[in-house]
Structure formats: structure tokens, C-alpha cells
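In what follows, a structure is listed as C-alpha cells, so that the remarks can point back to it.
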Amino acid sequence: MKKFVFAAALSLAVGLVAPWGDVGAAQQAPDPQLQVSDCVKCHPKVVHQNQEAGTKHKTEVTCLDCHDAGHPPSTPVDQMIPKCSKCHEGEPHFEVKNCLGCHRNPHTPLKITFPENESVKPVCNTCHSEQVQEIDQNPSAHANVDCSFCHTKHGYIPSCLKCHEPHRQGQKFEDCVSCHRVHQPLNVAYGPDIPNKDCGACHGDIRKLLEAGQYKHAKLQCVYCHKDTHGNIPACQDCHGVPHPEAMIKNFKGCLDCHVDPHNLTK
Ligand code: HEC
Ligand code: HEC
Ligand code: HEC
Ligand code: HEC
Ligand code: HEC
Ligand code: HEC
Ligand code: HEC
Ligand code: HEC
Ligand code: HEC
Ligand code: HEC
Ligand code: HEC
Ligand code: HEC
């Protein structure tokens with residue numbers, strides 16, 4: 001009875017004589033008389049979603065390229081659903097599981113939502129292997145969480161400040177990444193432009209001492225001497241060579257016997 005009502009409705013809507021009364025030959029073949037323009041009559045929601053955000057599943061394929069196996073009631077509903085691999089093959093990304101776990105709606109394929117209870121890292125790896133390698137090869141607390149812990153949506157970049165307190169007041173996201181690379185946060189490395197106040201956030205005493213000094217080191221940036229990586233300590237001779245006659249210094253253990261402290265020189 002349900003079938004009959006449905007068949008009658010479909011015939012009315014499409015204007016054709018119920019073709020699926022006849023089981024057998026018509027079973028596999030798509031209904032030749034069901035046009036793409038008919039779908040909207042009974043599936044308006046899907047058609048509108050596809051119109052609005054179908055991207056290439058709107059422009060490069062039609063409803064009937066995917067649903068090409070026929071239509072109920074001659075074709076059972078489950079035979080109408082194409083496998084993604086029908087058209088997407090031959091790339092690592094197409095070998096992963098559960099395509100619809102992220103591409104939730106095939107009619108709007110770029111509206112991507114990450115699944116909550118499984119790791120997305122292997123899938124990210126199919127396109128961003130550089131970042132996956134970086135995080136895997138540099139153990140840190142960030143390597144112990146999934147990519148989607150931070151990238152909750154594709155392409156979204158969170159600020160460090162969403163999860164961490166800054167080292168000093170007023171420090172911004174751009175400051176954080178001038179010292180920390182987020183996928184290897186423990187390897188602190190930086191360029192020549194770090195202001196003293198960013199080092200002083202943790203080494204406040206040294207900063208005060210240095211900047212209050214009366215000799216020329218007082219004008220230098222911390223990173224002018226402590227170059228490139230955190231904890232790097234230069235030798236005085238790297239910059240000054242041998243500034244004194246051998247006879248003058250031979251009875252001293254080092255430069256600091258006389259100059260006392262690089263952050264507070266004495267002459
Ligand atoms: C006259 C109304 C009507 C038209 C026109 C129509 N359909 Fe359907 N379609 C239905 C109904 C009703 C069902 C549900 C059948 C069932 O559950 O047994 C259905 C089921 C489907 C399904 C399976 C849905 C599921 O639950 O998995 C797909 C896919 C589908 N139609 C695609 C299309 C496409 C593509 C077109 C256009 C070429 C189209 N339909 C045209 C009424 C229609
Ligand atoms: C790129 C392939 C593809 C295209 C193009 C496509 N579909 Fe689908 N469609 C699917 C897949 C895959 C599913 C099953 C989705 C699922 O299991 O969640 C589906 C499910 C459906 C369903 C049942 C589920 C629902 O959301 O109601 C309907 C109805 C449907 N499609 C109609 C259409 C219509 C109408 C069009 C054209 C506007 C269309 N499809 C275009 C692949 C496609
Ligand atoms: C009938 C063929 C067909 C099927 C089935 C199909 N696709 Fe596609 N899809 C295409 C074509 C053609 C394109 C455009 C060319 C390309 O990007 O490869 C495309 C593009 C896409 C895109 C990129 C969209 C864009 O606008 O850039 C995504 C994502 C996608 N498909 C996901 C899927 C998923 C997930 C499935 C299974 C649910 C699926 N496709 C099934 C044909 C298909
Ligand atoms: C963990 C989530 C996830 C899963 C699972 C997933 N994808 Fe994707 N897919 C993405 C993301 C993210 C993009 C990039 C979208 C962009 O560039 O905006 C993408 C892009 C695509 C594209 C367009 C780019 C291209 O390489 O052609 C296609 C097609 C595609 N996916 C198909 C599939 C298929 C088929 C499957 C299952 C075999 C699948 N996806 C599984 C997240 C996923
Ligand atoms: C199918 C390929 C594909 C997959 C899978 C994919 N991406 Fe992407 N992703 C891209 C493309 C293409 C872009 C945009 C181009 C670019 O900036 O490199 C992008 C951009 C990004 C960006 C923004 C980059 C920027 O500079 O603004 C982030 C963050 C990102 N992806 C994270 C992820 C994460 C996390 C995953 C796993 C859940 C993932 N992507 C899966 C292709 C992919
Ligand atoms: C702790 C949070 C966090 C985790 C975990 C994380 N990311 Fe990121 N990711 C970020 C932030 C923040 C940026 C922006 C970094 C910047 O601008 O210097 C970023 C940038 C990116 C970019 C853009 C290109 C780049 O290198 O700057 C891609 C692609 C990306 N992440 C992919 C991934 C992938 C894949 C994973 C999982 C292996 C992952 N991310 C894990 C926070 C995270
Ligand atoms: C979505 C939350 C989130 C974001 C965004 C995030 N982190 Fe983390 N980060 C964590 C968690 C959780 C831990 C481990 C617990 C802790 O130390 O607070 C951590 C730990 C760290 C550690 C210590 C690592 C270790 O192994 O002990 C550093 C350094 C760090 N984060 C720096 C950053 C920087 C810099 C950014 C931005 C570029 C950032 N984080 C963005 C959540 C985040
Ligand atoms: C001048 C360089 C520099 C800047 C800028 C910087 N950090 Fe750090 N950060 C470090 C150093 C060095 C450590 C390691 C200290 C140690 O060995 O205990 C560290 C440690 C951390 C830790 C680990 C826990 C802790 O507090 O010791 C987190 C989290 C962190 N930084 C987050 C941030 C955030 C968020 C920002 C931006 C607001 C930021 N950092 C800016 C150099 C910097
Ligand atoms: C988040 C706090 C923090 C920041 C920011 C920070 N440091 Fe440190 N620094 C420490 C801690 C804690 C130690 C001692 C533990 C260690 O050896 O890692 C240290 C040690 C050092 C050492 C001595 C290493 C050794 O082997 O004795 C130098 C040199 C140093 N920091 C320079 C700097 C410079 C230059 C900056 C700015 C670019 C800076 N620090 C930023 C926390 C920080
Ligand atoms: C990264 C390079 C660098 C390192 C390392 C360095 N200095 Fe200097 N030093 C300088 C510069 C630059 C000046 C200023 C020179 C000028 O303006 O003529 C300076 C000046 C001095 C002066 C003269 C101060 C004045 O006001 O006349 C003394 C003394 C001195 N350094 C001692 C040392 C000692 C001792 C060490 C090791 C503990 C050391 N320096 C390490 C770069 C360095
Ligand atoms: C002129 C070069 C120079 C400048 C500028 C400089 N330092 Fe140093 N720093 C050194 C040298 C050389 C040593 C090793 C002293 C020793 O051998 O005892 C050192 C040692 C350190 C140490 C480890 C020993 C200690 O005293 O705790 C820290 C931490 C440090 N510097 C932080 C800083 C900070 C922070 C700044 C900026 C406020 C800074 N330095 C500016 C040359 C410099
Ligand atoms: C015996 C004590 C003594 C030792 C050891 C010593 N210095 Fe000096 N140094 C001095 C005195 C005193 C001056 C001041 C000379 C002047 O102002 O004319 C000075 C001046 C300097 C100057 C400034 C020169 C200028 O032209 O203004 C530099 C740079 C310097 N020393 C670097 C070093 C370095 C590097 C070492 C270790 C290799 C070192 N000194 C070891 C006593 C010492």
C-alpha cells in the first residue's frame with residue numbers, strides 16, 4: 001500500500017507511468033525518465049544544500065552521476081549510495097577510513113567536521129606530512145594530543161593564549177611564536193629581534209643589572225650575545241679576540257677575573 005501511494009506520487013510529480021511495477025529488467029538500470037531537474041520536487045533540502053555549498057559536487061557532477069543505480073522502489077535504498085572510491089582513487093588521502101566521518105554531507109563536501117573520538121592525525125598526514133613528522137620527532141606535551149585538539153576546524157589556528165598564560169603582561173601570539181615553534185614547543189629558538197623585555201620576563205634581575213650598567217654592554221640586546229637558541233652562552237673571545245697583551249692576562253683564569261660580569265662590566 002505504501003509502495004503504491006509512493007509510486008503514484010512519483011508518477012504524478014515526474015509525469016510518468018510507474019516503471020517499477022515491472023520487476024526484473026528495470027531493476028538495475030537507472031530510470032531513464034527521472035531527470036536531475038526532478039529531484040528538487042521531492043528532495044528539496046538536499047538540492048538546496050547542494051546549490052548553496054556543493055562546490056565541485058555541484059559543478060563537476062550531478063545528482064545522477066552519483067545516484068546512478070536507479071531509484072526506489074525498483075532499486076533498494078541502500079543500493080543508491082555510491083562509494084567515494086568510485087571516483088576518488090590513487091592518492092594516499094583516498095585510502096583512509098570513514099570519509100563521511102569528516103565530509104559529513106557528500107552534497108557539501110568541503111563543510112568538514114572532525115570526528116570527536118578518533119585520531120585525525122593519520123588523515124592530516126596524507127597532506128601535511130611535514131607537520132606530522134615535526135611533532136612526532138620532537139617529544140613534547142603537544143605531541144601527546146591530537147591535531148584536532150588545537151585545530152578544531154580545518155584551517156583554524158588557535159592562539160597560544162587560549163590555553164596558556166603569557167610570560168609577561170601584554171605578550172601577544174606573534175611574540176610566542178618568535179621563540180616557540182608550536183609543533184616543537186620545547187626547542188626554543190629565535191631570531192635577532194627579540195626585545196630584552198621578553199627575556200626579562202623570566203630573567204628580570206639580569207635585565208635590570210644589564211640595562212643599569214655604565215659600560216657599553218648595557219646597550220646590547222640579550223640575543224645579540226645569546227644567539228639563536230635558548231641557553232646558548234658565548235665566549236668573550238668570540239667578539240673580542242685577544243684584546244690584551246699576553247703578559248697582562250697570563251696570571252688570570254679568565255676575563256671575568258677583572259671584568260666580573262658580562263651583565264655588569266667592571267673595568
Ligand atoms: C516524486 C518524488 C521523488 C523524486 C522526483 C525523486 N525522489 Fe528520491 N526518493 C523519494 C522517496 C519517497 C524516497 C524514499 C524511498 C524509501 O525510503 O523507500 C527516495 C529515496 C531516494 C534516495 C535514497 C535515500 C536514502 O534514504 O538513502 C536517494 C539517494 C534519492 N531518492 C535520490 C533521488 C535523486 C537523485 C532524484 C532525482 C534524479 C530523486 N531522488 C527524485 C522520492 C523522490
Ligand atoms: C558526489 C556524489 C553525490 C552527489 C553529486 C549527490 N549525492 Fe546524494 N548522496 C550521496 C551519498 C554518498 C549519500 C549517502 C550519505 C550518507 O550516508 O550520509 C547521499 C544521500 C542522498 C540522499 C539521502 C540522504 C539525505 O541526505 O536525505 C538523498 C535524498 C540524496 N542523496 C539526493 C541527492 C540529490 C537530490 C542530489 C543532487 C542535488 C545528490 N544527492 C547528489 C552522494 C551524492
Ligand atoms: C560520481 C563521482 C564522485 C563520487 C561518487 C564522489 N565524488 Fe567527490 N568529487 C568528484 C569530482 C569529479 C570532484 C571534482 C574533481 C576533484 O576534486 O577530484 C570531486 C571533488 C570532491 C571534493 C573536493 C570538493 C571541492 O569543491 O574542491 C571532496 C571533498 C570530495 N569530492 C569528497 C567526496 C566524498 C567524501 C565522497 C564519498 C562520500 C565523494 N567525493 C564521492 C566526483 C565524485
Ligand atoms: C579526518 C578528516 C577527513 C577524512 C576522514 C577524509 N577527509 Fe578528505 N579532506 C579532509 C580535509 C581537511 C581536506 C582539505 C579540504 C580543503 O582543502 O579545504 C580534504 C580534502 C578532500 C578532497 C579534495 C582535495 C583532494 O585531494 O582532491 C577530496 C576529494 C577528499 N578529501 C576525499 C576524501 C575521501 C574519498 C575520503 C575517504 C577515503 C576522505 N576524504 C576522508 C579531511 C578528511
Ligand atoms: C586533502 C588534503 C588535506 C588534508 C587531509 C588536510 N589538509 Fe590542512 N590544508 C590543506 C590545504 C590545501 C590547505 C590550504 C593551503 C595551505 O595553506 O597550505 C590547508 C591548510 C591548513 C591549515 C592552515 C594553514 C595556514 O597557513 O593558514 C591548517 C592549520 C591545516 N590545514 C591543518 C590540517 C589538519 C589539522 C588536518 C587533519 C585534520 C588537515 N589540515 C588535513 C589540505 C589538507
Ligand atoms: C598545541 C596546539 C597544536 C597542535 C597539537 C597542532 N597544531 Fe598545528 N598549529 C598550531 C598553531 C598555533 C599554528 C600556527 C603556528 C604559527 O603561526 O607559527 C599551527 C600551524 C599549523 C599548520 C600551518 C603551517 C605551519 O606549519 O605553520 C599546519 C598545516 C598544521 N598546524 C597542522 C597540524 C597537524 C597536522 C597537527 C597534528 C600532527 C598539528 N598541527 C598539531 C597549533 C597546533
Ligand atoms: C588548545 C590548547 C593549546 C594551545 C592552543 C597551545 N597549547 Fe601549549 N600546551 C597545551 C597543553 C594541554 C600542554 C600540556 C600541559 C601544560 O603544560 O600546560 C601544553 C604544553 C606546552 C609547553 C610545554 C611542553 C612540554 O612538553 O612540557 C609549551 C612550551 C607550550 N605548550 C607552548 C605553547 C605555545 C608557544 C603555543 C602557541 C604557539 C601553545 N602552546 C598553544 C595546550 C595548548
Ligand atoms: C623570549 C622567548 C620566549 C617568548 C617570547 C615566549 N616564550 Fe615561552 N618559554 C621560553 C623559554 C626559554 C621557556 C623554557 C623555560 C624553562 O626551561 O623552564 C618557555 C616555556 C614556556 C612554557 C612551558 C611552561 C613554563 O611556563 O615554563 C609555556 C607553556 C610557554 N613558554 C608558553 C609561551 C607563550 C604562551 C608565549 C607567548 C605569550 C611564550 N611562551 C613566549 C621562551 C619564550
Ligand atoms: C619562560 C621563562 C624563560 C624565558 C622567557 C627565558 N628564559 Fe632563559 N632560562 C630560563 C630557565 C628556567 C633557565 C634555567 C634552566 C635551564 O638551564 O634551562 C634559563 C637559563 C638560561 C641561560 C643559561 C643556560 C645555562 O646553561 O646556564 C641563558 C644564557 C638564558 N636562559 C638566556 C635567555 C635569553 C637570552 C632569553 C631571551 C631570548 C631567555 N633566556 C628567556 C627561563 C627562561
Ligand atoms: C656577542 C659579542 C660580545 C660578547 C660575547 C662579549 N662582548 Fe664585550 N662588547 C661587545 C660590544 C659590541 C661592545 C661595545 C664595543 C664598542 O662599542 O666599541 C663590547 C664592549 C666590551 C667592553 C668595553 C666596555 C666599554 O664600555 O668600554 C668590555 C670590557 C667587554 N666588552 C668585555 C667583555 C667580556 C669580559 C666578555 C665576556 C664575559 C664580553 N665582553 C663578551 C660585544 C661582545
Ligand atoms: C655582551 C654579551 C651579553 C649580553 C648582552 C647578555 N649576556 Fe647573558 N651572558 C653572557 C656571557 C658571556 C655569559 C657567561 C658568563 C659566565 O661565564 O659566567 C652570560 C650568562 C648568562 C646567563 C647564565 C648565567 C647567569 O648569570 O645566570 C643568563 C641566564 C643570561 N646570561 C641571561 C641574559 C639576559 C636575560 C640578557 C639580557 C637581559 C643577557 N644575558 C645579556 C653574555 C651576555
Ligand atoms: C688583568 C685584568 C684583565 C683581564 C684578565 C682582562 N681584562 Fe679586559 N680590560 C682590563 C682593563 C683594566 C681594561 C680597561 C683598559 C682601558 O680602559 O684602557 C680592559 C679593557 C677591555 C676591553 C675594552 C677595550 C677598549 O678598547 O676599550 C675589552 C673589549 C676587554 N677588556 C676584553 C677582555 C677580554 C675578552 C678578556 C679575556 C680574554 C679580558 N678583557 C681580560 C682588564 C682585564
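Please treat every number below as a calculation from the coordinates, not as lab data. Everything quoted here is computed from the prediction, not taken from an experiment. Quick reminder, even Gly has a Cβ in these numbers, built from the backbone with ideal geometry, and neighbours come from all protein chains shown.
Computed FRET efficiency, Cβ-Cβ of Val61 and Gln137, R0 51 Å: what is it to the nearest 0.05?
0.80
Looking at the range 121-179 from every direction and averaging, what is the projected area of its Cα convex hull in nm²?
Value for the range 121-179: 4.6 nm².
Can you pull out the chymotrypsin sites (Phe, Trp or Tyr not before Pro) in the range 110-204 that DSSP calls coil and that have at most 10 other Cβ atoms within 10 Å?
Passing sites in the range 110-204 are Tyr156.
Going by C-beta contacts inside 10 Å, put Met80, Met248 in order with the fewest on the left.
So the residues, fewest neighbours to most, are Met248, Met80.
Take the chain, mark every one of the GluC sites (Glu not before Pro) that falls in a DSSP loop and has at most 12 other Cβ within 10 Å, then report the longest stretch left between them, sites excluded.
Free of exposed loop sites, the longest segment is 117-267.
If each residue of separation counts as 0.36 nm, what is the full-extension length gain between His259 and Gln214 once their alpha-carbon separation is subtracted?
The span from His259 to Gln214 would gain 14.9 nm if fully extended.
Pairs Lys111/Lys153; Lys86/Lys111; Lys197/Lys219; Lys97/Lys121; Lys216/Lys267: which are spaced more than 18 Å apart, C-alpha to C-alpha?
Beyond 18 Å between Cα atoms: Lys86/Lys111.
Between Gln221 and Val242, what's the calculated FRET efficiency when r is the beta-carbon distance and R0 is 22 Å? Round to 0.05.
E between Gln221 and Val242, to the nearest 0.05, is 0.30.
Per residue, how big is the convex hull around the C-alpha atoms of the chain? Give it to me in cubic angstrom, could you?
Given the Cα convex hull of the chain, per-residue volume reads 196 Å³.
Given the peptides 230-241, 252-263, arrange them by the average over their residues of other C-beta atoms within 10 Å, most packed first.
Sorting 230-241, 252-263 by mean packing, highest first, produces 252-263, 230-241.
So what's the gap between the Cα centers of the range 206-234 and the range 90-117, to the nearest angstrom?
Centre-to-centre (Cα) distance: 51 Å.
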